[in-house]
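So the structure is just underneath, and the comments pick up after that.
The values are calculated or read from the model by the stated rules, or taken from the named source; none is laboratory data. The model shown is predicted, which means the values in this text are computed figures rather than measured ones. Cβ sites come from the backbone with ideal geometry, for glycine too, and all protein chains shown count toward neighbours.
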Amino acid sequence: MTRRPEVGALIGTLGVFVFFAIFGGAEFLSSAGAASWLNVAAELGIIAVPVGLLMIAGELDLSVGSVLAASSMTLAIVSGHWGGPMILGILLALTIGVATGLVNGLIVTRTNVPSFVVTLATLAALAGLTLGLSRVITGTTSVGLKPDPTSKALFGTLISGQFEVAILWWIAVAGCVAWMLQETRYGNWIFAVGGDKESARATGIPTNKVKIALYVGSGFGAALVGVIQTILYNGAQVANGQSFVFNSIIAVVIGGVLLTGGYGSVIGVILGTLTFAIVNQGIYYTGWNSDWASLILGILLLVAVLMNNTFRRLALSSGPRSQRKA
Amino acid sequence: MERKQIRRRLARRRLSSVTLPALALLASAGLALSACTSGATSNGGSSGTTGAAPSAPGASTAGGTISIFVIGGKSDDPFWSKVKRGVDDAAKVVQANGGKVTWLGPQNYDNLGPDAAKLILTAKSQGATAVIGADWVPDAQDEAFKSVSDSGVPVFLYNSGGADAAKTVGALTYTGSDELLAGKVGGQFFAQKGVKNVLCVNTLPGAVNTEARCEGISQGISVSGKSTQLPLPSSSFGNPTAITQAIKATLLKDSSIDGIVTISTQDADSASAAIEQADAASRVKLGTFDMDDTQLERIKAGTQLFCIDQQPYMQGYLAVSQAFAYNAYGLLLPQSPLLTGPAVINAGNVDQALAGAKAGVR
Amino acid sequence: MTVGAPLLRLTNVSKTYVGTNALLNISLDVEAGKVLCLLGDNGAGKSTLIKILSGVHAPTAGTIEVNGEPVRFSSPRDASAYGIATVHQFGGTFPLMSVGRSFFVGAEPTKRWGPLRRFDKKLASEIAIREMQSLGITGVTDGRRLVGSLSGGERQALAIARGVYFGASVLILDEPTAALGVKEATHVLRIIMQARQKGIAVVFVTHNVLHAISVGDHFAVLIRGEKADDFRKGERTREQVTDLMAGGEAMAALEAELAEMQAQAHHDTT
């Protein structure tokens with residue numbers, strides 16, 4: 001049991017839930033309260049799951065913040081400002097994510113520049129590009145959009161007035177990725193690439209292709225959230241999305257993924273995302289001054305990492321002596 | 001140091017929903033200013049002469065000693081394009097009297113203080129009879145303003161600086177708005193509508209101008225109610241869902257809240273969604289600083305109480321009219337600051353505001 | 001295939017890095033069912049030779065033949081396609097992966113699952129455990145254990161079992177005993193003998209003469225990139241080999257000095 005990477009994360013999630021259930025009162029436990037953290041978790045999770053996969057493979061992606069902004073502005077400009085069909089705007093928005101992922105992946109695999117630097121560069125460059133093009137095309141930095149009912153239903157409805165349809169997208173994305181990581185050979189490749197790239201390559205795994213595919217995945221996830229937010233809030237803002245850059249990494253790390261790669265699980269990332277969202281939103285149910293929210297988050301991150309390290313050490317020493325002698 | 005100040009000035013200049021988060025998040029990457037700079041450069045840096053020159057060359061030779069220089073932001077900046085509309089309209093009077101008005105704007109905002117100082121000196125060297133400028137970066141610009149006023153050419157501050165800065169540089173007046181006052185007016189409007197407990201959602205806690213806005217609200221409502229601030233941490237920046245859910249949670253937790261005010265229009269959109277999700281539309285009234293089409297539509301639809309406009313058109317129009325009247329006839333209004341805002345847009349005047357927005361002046 | 005040709009033959013292989021000769025005119029024969037020990041001090045060129053054998057680097061000059069046919073490896077994958085498997089000092093495996101997963105990295109067994117193919121982790125674990133047991137490792141019974149929780153010897157065994165299972169005909173072991181205690185090292189030596197019995201050609205790279213002599217059939221000694229000696233089992237004494245590896249004269253001088261000191265000590269006590 002202690003062998004699983006998500007044990008620490010599960011304890012974390014349960015811990016913060018109980019904490020805020022006690023201090024947040026009935027409102028926190030109500031369906032509106034649950035919607036609060038589930039909605040935030042869903043959007044973050046759609047990005048954190050593929051980012052987590054990438055981190056298991058030993059790479060970072062900081063560009064997700066700008067991808068989100070670029071995708072939402074693309075959708076708003078194409079389908080809002082220019083009045084094009086929604087489906088075209090959505091497809092182009094998602095294409096932006098895929099293309100950015102492709103660029104990230106190619107640069108990281110071709111140049112050996114650390115992915116932290118590469119994706120920091122694309123984060124800045126894409127932010128500038130989005131801002132510049134938005135201003136040139138629309139003369140403004142926020143563009144409205146009137147989504148058609150189908151798109152609204154698919155991406156931007158509130159189920160029973162509370163729960164974002166993004167929750168279903170999150171479940172779908174997490175389900176597919178979890179299956180892929182745990183149950184297919186590609187998952188094994190990802191662990192191997194993150195564990196030891198050279199050994200992985202020596203066994204014939206196309207390590208570069210694996211990484212590029214994972215970058216495309218995280219770009220797609222960020223672009224999907226861009227589409228969801230744009231349709232949900234009927235418009236896009238150039239400066240949106242930047243908070244997802246570090247929030248996604250925090251969620252992944254709380255979820256027990258090793259920052260240096262080779263270890264982690266999708267369930268862990270889901271739990272990490274829930275923990276993050278519960279803390280981030282739970283504070284407003286306590287009635288405490290929200291100035292302290294970041295402090296709690298920082299402490300939580302540290303505790304989570306220490307706990308994950310402990311559980312990983314346990315997993316590495318889990319050859320019972322008696323068994324070894326047998 | 002200087003950069004920080006520019007940031008503050010720019011933020012004060014135009015507290016748009018975009019500039020705020022961008023400033024907060026991208027400042028270190030040097031992108032802070034590009035949030036205001038990356039527009040097309042077609043008109044930036046050029047000195048376009050507004051007024052008589054091309055259409056009525058005769059007029060300028062007939063009367064024409066008056067030459068007013070206006071130093072503003074990039075004219076393709078949506079805020080500044082409204083200021084420039086006011087300048088252009090006022091310039092018609094100048095032009096009819098044989099004078100001319102010249103608009104000078106920086107190419108970009110990367111080096112705003114020194115660039116603006118250079119533009120001030122350019123205006124002086126081109127024989128300006130009056131110089132209108134925004135005091136964004138006093139450290140860099142004040143000397144230039146002083147050299148103009150010392151040489152006997154009247155200086156008028158507008159948009160940024162305030163009455164005290166006007167005194168310092170020897171300017172005759174300041175035309176613009178005041179964040180604290182804008183907040184007070186908003187607070188009083190809430191009070192007038194019977195709102196008792198206002199939540200001021202601050203997505204940029206700690207910034208001078210946003211704190212002033214919330215403080216103003218608190219002062220304005222203090223007679224009959226109170227206002228508390230909801231400071232949202234940086235982990236929520238640029239994420240409307242996180243902001244929406246935070247506001248919703250606060251509403252659910254505290255059922256005595258019956259008013260919400262936000263510091264930017266995007267936050268107002270989030271607050272609107274939060275009120276809906278908390279099922280609190282019947283008790284909670286929404287107001288915001290700044291204005292855009294969405295706010296106007298909500299006010300018209302009755303789901304938002306008001307938004308506060310600093311009326312940039314009036315800044316350009318009044319500053320030029322004042323400079324012209326002073327140049328031509330020696331007239332000077334006693335008010336300094338001459339306030340162009342706050343204007344509270346509510347159900348009673350939203351139709352005019354909508355018409356104004358359509359015309360590109362608001 | 002040329003009958004009677006050695007499994008792997010290097011002829012006059014040299015490797016030059018910018019300015020320096022890492023290897024000069026190395027000729028070696030690697031035969032099936034034999035253990036070739038590559039001996040040498042640190043920096044003698046052992047690692048370079050391993051990299052050439054395992055396809056990481058191509059030689060600057062000389063030829064490599066597999067079963068009598070000249071080959072060129074452009075990648076480790078190429079080399080493994082010719083049946084050459086390399087096991088690195090720490091097992092070259094993935095410490096945070098399970099035994100079953102790491103055993104099959106890059107060659108995962110799959111089974112149909114509806115329209116999809118599923119990685120058969122159960123089968124992978126079973127095979128990994130079975131293969132390790134066939135090399136005498138009985139302490140590992142759960143294929144879900146993390147590789148990092150195995151002992152150094154167990155990790156070597158896992159890596160060797162992997163090479164054997166995937167049909168390696170040449171097994172290159174890079175200092176497999178260097179990081180191990182005496183007991184563990186003995187275990188690995190036993191595994192080497194088992195691999196040899198299976199008809200696999202083993203290239204055992206080490207600087208431990210005792211370990212080499214206990215399992216080796218052929219020996220080659222590298223000194224500063226050149227083959228200093230080449231002999232068969234029993235043709236040299238342990239002292240001769242140690243002497244050669246340490247650079248002959250230097251060792252002789254040291255021995256003379258030691259003898260003198262000993263004589264002195266003996267003289268003092270009597």
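The figures follow:
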read-out	value
Answer from C:Ala228, C:Ala195, C:Ala201 - the residue that is touching a strand residue (DSSP E or B) at 6+ places or on another chain (Cβ under 7 Å) and under 16 Å from C:Leu135 (Cβ atoms)	C:Ala195
Complete set of residues in the stretch C:132-148 that are surrounded by 19 or more Cβ atoms within 10 Å (Cβ to Cβ) and in a helix (DSSP H, G or I)	C:Met132, C:Val147, C:Gly148
Odd one out for C:Gly139, checked against (1) more than 20 Å from C:Phe166 (Cα to Cα); (2) within 11 Å of chain A (Cβ to nearest Cβ); (3) out of contact with any Lys or Arg (no Cβ under 6 Å at 6 or more places or on another chain)	(3)
Contacts under 9 angstrom Cβ, first residue in the stretch B:221-242 being within 20 Å of A:Gly282 (Cβ to Cβ), partner among the charged types (D, E, K, R) and crowded, with 19+ Cβ neighbours inside 10 Å, 6 or more apart	B:Gln229/B:Glu211; B:Leu232/B:Asp267; B:Asn239/A:Glu43; B:Pro240/B:Asp267; B:Pro240/B:Asp269; B:Thr241/A:Glu43; B:Thr241/A:Glu164; B:Ala242/A:Glu43
Pick from the stretch B:68-95, criterion of a type in the set (A, V, I, L, M, F, W, C) and part of a helix (DSSP H, G or I), ranking: modelled with the lowest pLDDT	B:Phe79
B:Gln188, sole failed condition from (1) within 25 Å of B:Gly287 (Cα to Cα); (2) free of Cβ contacts under 8 Å to residues at least 40 places away in the same chain; (3) buried (at least 23 other Cβ atoms within 10 Å of the Cβ); (4) of a type outside the set (Phe, Trp, Tyr)	(3)
Residues (over 24 Å from A:Ala42 (Cα atoms), in contact (Cβ under 8 Å) with a residue 24 or more places away in the chain and surrounded by fewer than 21 Cβ atoms within 10 Å (Cβ to Cβ)) located in the stretch A:134-156	A:Ile137, A:Thr138
Flag if C:Thr16 is among the polar types (S, T, N, Q), touching a residue at least 24 places away in the same chain (Cβ under 8 Å) and more than 14 Å from chain A (Cβ to nearest Cβ)	yes
Top-ranked residue of the stretch C:72-113 - restricted to ones that are among the basic types (Lys, Arg) and assigned to a strand (DSSP E or B), ranked as nearest to the other protein chains (Cβ to nearest Cβ)	C:Lys111
Answer residue from the stretch B:89-111, given it is under 24 Å from B:Asn327 (Cα atoms) and without any contact (Cβ under 8 Å) to a residue 60 or more places away in the chain and is farthest from the chain's Cα centre (by Cα) among those	B:Gly98
The listed residue being at positive phi, modelled with pLDDT of 85 or more and assigned by TED's automatic domain parsing to the domain that holds C:Lys15, out of C:Gly83, C:Gly100, C:Gly43	C:Gly83
Matching residues, the stretch A:92-130, being over 18 Å from A:Gln242 (Cα atoms) and loosely packed, with under 15 Cβ neighbours inside 10 Å	A:Arg110, A:Thr111, A:Asn112, A:Val113, A:Pro114
Search result, residues across the stretch A:104-160 that are out of contact with any helix residue (DSSP H, G or I) (no Cβ under 9 Å at 6 or more places or on another chain) and of a type in the set (Asp, Glu)	none
Filter pass, C:Ala253 being in a helix (DSSP H, G or I) and either at pLDDT below 80 or over 29 Å from C:Asn25 (Cα atoms) (or both)	yes
B:Val195, sole failed condition from (1) assigned by TED's automatic domain parsing to the domain that holds B:Gly72; (2) buried (at least 17 other Cβ atoms within 10 Å of the Cβ)	(1)
Residue under evaluation C:Thr206, criteria (1) modelled with pLDDT under 85; (2) among the hydroxyl-bearing types (Ser, Thr, Tyr); (3) closer than 21 Å to C:Gly33 by Cβ, criterion not met	(1)
Filter result for B:Gln322 (more than 14 Å from chain A (Cβ to nearest Cβ) and either in a loop (DSSP other than H, G, I, E, B) or over 30 Å from B:Gly133 (Cβ atoms) (or both))	no
Members of the stretch A:26-73 that are in contact with an Asp or Glu (Cβ under 8 Å, 6 or more places away or on another chain) and among the acidic types (Asp, Glu)	A:Glu43
Test: A:Ser30 is closer than 30 Å to A:Lys197 by Cα and within 14 Å of chain B (Cβ to nearest Cβ)	no
Any helices (runs of 4 or more DSSP H) falling wholly within the stretch A:207-326 and containing at least 2 residues that are within 14 Å of chain B (Cβ to nearest Cβ)	A:207-232, A:243-254, A:266-286, A:293-316
Unique residue being within 14 Å of another protein chain (Cβ to nearest Cβ), touching a Gly at 6+ places or on another chain (Cβ under 6 Å) and among the small types (Gly, Ala, Ser) when the list is B:Gly238, B:Gly216	B:Gly238
Members of the stretch B:125-172 found to be touching a residue at least 40 places away in the same chain (Cβ under 8 Å) and hydrophobic (A, V, I, L, M, F, W, C), listed by number	B:Ala128, B:Ala130, B:Val131, B:Ile132, B:Ala134, B:Trp136, B:Val137, B:Ala140, B:Phe156, B:Ala163, B:Ala166, B:Leu172
Unique residue being over 25 Å from A:Ile159 (Cα atoms) and modelled with pLDDT of 90 or more when the list is A:Leu38, A:Leu10	A:Leu10
Filtered residues of the stretch A:114-167 (kept if within 10 Å of chain B (Cβ to nearest Cβ), β-branched (Val, Ile, Thr) and not in a helix (DSSP H, G or I))	A:Thr140, A:Thr141
Among (1) out of contact with any Phe, Trp or Tyr (no Cβ under 8 Å at 6 or more places or on another chain); (2) closer than 29 Å to A:Trp82 by Cβ, the one test that A:Trp179 misses	(2)
